[in-house]
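The values are calculated or read from the model by the stated rules, or taken from the named source; none is laboratory data. Predicted, not measured: the structure shown is a model, and the values here were computed from it. We place every Cβ from the backbone using ideal geometry, glycine too, and count neighbours over all the protein chains shown. To get the accessible areas, we keep the full protein, side chains included, count just its heavy atoms, and leave off ligands, DNA and RNA. Shrake-Rupley method; radii C 1.70, N 1.55, O 1.52, S 1.80 Å.
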Amino acid sequence: MTVKTLKNSLDILECFATTENALGVREISRMMKMPTSVVQRAIHTFTETGYLIQDEGTKKYKLGYKMFLFYDVLSHTMDPHSTIYELMQNLASEINESVFLTYMDNEYGVTTKIAESNKNVKYAVSLGTKTPLYIGASCKVMFAFLEEDRQLELIAFFQSKQSKEEHNEFLETLREELQSIRQNKWCVTVGEYNEHAFGISVPLFNYKKEIIASLTISGLVYDIDDQREKYMLDQLVKVVHQIQSHISKL
């Protein structure tokens with residue numbers, strides 16, 4: 001088995017972490033933009049080994065008993081993530097807005113933990129959501145701390161259809177914003193990733209001082225003004241100082 005084949009298989013398995021619904025082969029194929037034959041082979045292997053099970057009625061698949069073995073081990077381990085999540089929940093309760101943790105995954109930021117607000121109407125963030133690294137507060141605050149060569153690679157990857165003039169203009173504007181983010185060590189966006197939402201984000205680093213994640217407060221745009229933005233940013237920075245020591249252990 002090649003590394004690429006293994007990665008494809010793991011990517012397929014991750015589809016089941018983003019939804020509680022059972023998934024069919026064609027559905028996964030569309031989600032992953034992979035041939036159905038590739039998906040079918042991976043699904044067959046995971047089903048045969050107990051990581052997935054098939055519903056006899058719908059013929060769709062869901063997580064199998066083997067996944068609970070991992071959960072059992074993790075739930076009895078002193079996992080830094082459990083402390084991080086508790087801190088996130090406390091912050092969400094304090095400010096009554098949703099708080100989410102985002103990790104870098106190649107060209108994207110991936111939402112891995114969410115502590116939701118108690119509001120009836122709120123901006124919903126889904127676990128497993130993938131966002132290009134240069135869009136939105138949660139990703140842009142990580143993007144700003146990458147090496148410039150890597151930034152240019154990612155921009156070229158996502159902006160391949162831009163004209164040269166559009167590309168240069170985009171780069172100039174983005175460079176100024178990224179410089180500001182690096183200086184401040186926080187990022188605020190309003191209506192950028194979603195026209196109805198704001199994001200306030202602070203970076204998180206590993207023990208090598210490399211950017212790996214971000215913590216973000218997000219809500220609806222009509223719930224933010226300058227005073228509330230400053231209050232939420234102050235609260236976020238306090239929590240990030242606590243979380244940073246736990247992130248460094250990962």
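A few comments on the model shown:
- Verdict on residue 204 being assigned by the TED database to the domain that holds residue 104, out of contact with any Ser or Thr (no Cβ under 7 Å at 6 or more places or on another chain) and not acidic (Asp, Glu): no
- Of the residues making up the range 27-53, those that are under 25 Å from the mean Cα position of the chain (by Cα) and not aromatic (Phe, Trp, Tyr) are 27, 28, 29, 30, 31, 32, 33, 34, 39, 42, 43, 52.
- Once the range 145-173 is narrowed to residues that are of a type in the set (Lys, Arg) and in a helix (DSSP H, G or I), the residue that is nearest to residue 211 (Cα to Cα) is 150.
- Verdict on residue 112 being modelled with pLDDT of 90 or more and assigned to a strand (DSSP E or B): no
This table checks each residue for (1) without any contact (Cβ under 8 Å) to a residue 40 or more places away in the chain; (2) within 24 Å of residue 224 (Cα to Cα); (3) open to solvent by less than 10 Å² (accessible area, probe 1.4 Å); (4) out of contact with any helix residue (DSSP H, G or I) (no Cβ under 9 Å at 6 or more places or on another chain).
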| position | (1), (2), (3), (4) |
| --- | --- |
| 168 | yes, no, no, yes |
| 171 | yes, no, no, no |
| 180 | yes, yes, no, yes |
| 188 | no, yes, no, no |
| 193 | no, yes, no, no |
| 196 | no, yes, no, no |
| 200 | no, yes, yes, no |
| 208 | yes, no, no, yes |
| 211 | no, no, no, no |
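- Some residue of the range 125-144 being open to solvent by 90 Å² or more (accessible area, probe 1.4 Å) and assigned to a helix (DSSP H, G or I): no
- For residue 46: the one exception among (1) of a type in the set (Phe, Trp, Tyr); (2) open to solvent by 50 Å² or more (accessible area, probe 1.4 Å); (3) at pLDDT 90 or above: (2)
- Scanning the range 84-109 for residues that are open to solvent by 40 Å² or more (accessible area, probe 1.4 Å), outside any helix (DSSP H, G or I) and more than 19 Å from residue 185 (Cβ to Cβ) turns up 96, 105, 106, 107, 108.
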